[in-house]
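Mind having a look at this structure? Questions to follow.
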Amino acid sequence: MRIEILTIFPDYFRSPLEASLLGKAIAAGLLEVGVMDLRDFALDPHRKVDDEPYGGGPGMVMMASVITAAIEARRGDPSAWTVLLTPDGARLTQESVARLARRPRLLLFCGRYEGIDERARNLGLFDEEISLGDFILPGGEAAALALVEAVSRLVPGVVGRSESVERESFARERLDYPHYTRPREFRGLAVPEALLSGDHARIERFRRARALERTRKRRPDLLGLRPEEPGEGEG
């Protein structure tokens, strides 16, 4: 899989792309990530990418001419799926991450300032618009990095054990179960007996029940419940 990122702050990505699973995946050739400076596509000697909004108001607006030049230059491959990272977008979910991970090439555009000139949208430059959630960031860089991290974990070979990906939170419309490791007791808190039993069926039942309990308490919406509604028992 290849992911390309268009941003006015390419240095933002340098360290994260060299660290941890991402760095190992890129070094192993399992994933390609390219970062391009949006200012390289500016049409004036000062490499200007934004201007004052028509109609007045605070902030600056990213110019449609620069956005168009950058995306058209990088979207020669018809398989490239172009994503705008913006607060206006659909909220990122594990389902959308899995869908994006099946694409051979992603082109991520990091919005900034007050937003982009609406005509860039009108021209159909973006296949999809994505937001991390209902809050505002200075720009789309953090969202782009989060998307790269999330998608990369679903690329075959990036995570050592596929079971880790299949069982984690949101993979099956519920949160993950609680985890424990050594020591068996810490400050008076013991590891649940079920996990020490060696009975795999019992361990699976325990984990399934705890995952459901946690989801009911923290994210009842994932189960189609309102916070005040009790869910069905495991039986």
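Computed from the coordinates by the stated procedures, all read-outs in this text should not be read as laboratory data. Fair warning: this is a prediction, and the values are worked out from it, not measured in the lab. Positions of Cβ are generated from backbone atoms using ideal geometry, with glycine treated the same way; all protein chains shown enter the neighbour counts.
Show me, for segment 107-113, the HN-Hα J-couplings you get by feeding each phi into the Karplus relation (A = 6.51, B = -1.76, C = 1.60, θ = phi - 60°), rounded to Hz, glycine and proline as x.
10, 9, 10, 8, x, 8, 6
For segment 172-223, just the Cα atoms, rotate onto the principal axes and tell me the three extents in Å, largest first.
Here the Cα extents, ordered largest to smallest, are 34, 27, 12 Å.
Nearest 5 is fine: what % of DSSP beta bridges in the chain come out antiparallel, could you say?
DSSP beta bridges in the chain are roughly 20 percent antiparallel.
Taking amide H positions as placed in the peptide plane 1.01 Å from N, state which residues far from Glu129 in sequence (5 or more) or on other chains have amide H under 5 Å from it.
When sequence neighbours closer than 5 places are left aside, the close amide H contacts are Leu84, Ala90.
Just report the Cα centroid separation between segment 103-142 and segment 1-69, whole Å.
11
Report ³J(HN,Hα) in whole Hz for each residue of segment 15-30, in order, from the Karplus equation J = 6.51 cos²θ - 1.76 cosθ + 1.60 where θ = phi - 60°; Gly and Pro get x.
Per residue, the Karplus-derived 3J(HN,Hα) values read 5, x, 6, 9, 10, 6, 4, 4, x, 5, 5, 5, 5, 7, x, 7 Hz.
Taking only DSSP H segments of four or more residues, each worth -39500 (n - 2.57), what value at 222 nm results for the chain once the sum is divided by all its residues, to the nearest 500 deg cm²/dmol?
My calculation for the chain gives -9000 deg cm²/dmol from helical runs alone.
In degrees from 0 to 90, rounded to the nearest 10, what is the angle of the helix 64-74 Cα long axis to the longest principal axis of the chain?
The answer is roughly 70 degrees.
About the Cα centre of the chain, how large is the charge dipole given +1 on each Lys and Arg Cβ and -1 on each Asp and Glu Cβ? Please answer in debye to the nearest 20.
1060
So who's got an amide H within less than 5 Å of the one on Gly111, skipping anything under 5 residues away but keeping other chains? H placed 1.01 Å off N, in plane.
For Gly111, whose amide H was placed from the backbone, the distant partners under 5 Å are Leu85, Gly140.
Follow-up question, since we're still on this one. Amide H neighbours of Ile116 under 5 Å, counting only residues 5+ apart in sequence or on other chains, H built in-plane at 1.01 Å?
When sequence neighbours closer than 5 places are left aside, the close amide H contacts are Met62.
Of all the stretches in the chain, which is the longest one without any exposed loop site, taking chymotrypsin sites (Phe, Trp or Tyr not before Pro) in a DSSP loop (any state but H, G, I, E, B) with at most 12 other Cβ atoms within 10 Å?
Result for the longest clean stretch: 136-235.
Out of the trypsin sites (Lys or Arg not before Pro) in segment 1-99, which ones are loop residues according to DSSP with at most 16 other C-beta atoms within 10 Å?
Arg14, Arg47, Lys48
Per residue of segment 39-44, in order, report the coupling 6.51 cos²θ - 1.76 cosθ + 1.60 (Karplus, θ = phi - 60°) as ³J(HN,Hα) in whole Hz, putting x for Gly and Pro.
Result, ordered by residue: 5, 5, 9, 5, 9, 10 Hz.
Could you list Thr215, Thr68 in order of exposure, starting from the residue whose Cβ has the fewest other Cβ atoms within 10 Å?
By the 10 Å Cβ count, ascending: Thr68, Thr215.
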